[in-house]
Amino acid sequence: MIEDISPAATWEAVQGDPDTYLVDVRTPMEWAQVGVPDLSGAGKEVVRDSWQLPPVGEINPDFIATLEKAGIGKTARIYFICRSGMRSMAAAHAAYEAGYHNVFNVADGFEGPEDATGRRGRLAGWQASRLPCMQLIRRPTGW
């Protein structure tokens, strides 16, 4: 069984162990428009490896190969994150099946669940936990 780990515990793990990785499985559009976790304070970068490919959401056939190309060894601790924790759980299971047995799911993902107004990023998840993030594109004023 893949364990759900809080964003704060994930941040602590990534900072404290050189053989620990955070893999963001969202799409390039999500990375660009919403942002990504910023691991520069830990001297690391997020591994970006989409679990599903736009526009129809098919499973990325190169998902495991991208982990390997990133230099992630089978004994590394890998934390998978998506928007809300669903895709990252599926990705963690696929990695486990491929021989990566120290895998975890970041609970509530990057944005977490929607609030009463339908917006994400306020109730739970990486953003709501006020963990380091960075924008890949600048948002226009008023967003």
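Here, each number is a calculation from the coordinates, and none is a lab measurement. Every value quoted in this text rests on a predicted model; they were computed, and no experiment measured them. Cβ sites come from the backbone with ideal geometry, for glycine too, and all protein chains shown count toward neighbours.
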Please go through segment 6-45 and pick out each residue that is without any contact (Cβ under 8 Å) to a residue 40 or more places away in the chain and buried (at least 20 other Cβ atoms within 10 Å of the Cβ).
27
Subset of segment 46-99 (residues that are over 24 Å from residue 125 (Cα atoms) and of a type in the set (Ser, Thr, Tyr)):
66, 75
Qualifying position, being surrounded by fewer than 22 Cβ atoms within 10 Å (Cβ to Cβ), free of Cβ contacts under 8 Å to residues at least 12 places away in the same chain and within 25 Å of residue 128 (Cβ to Cβ), among 97, 3, 114, 58:
114
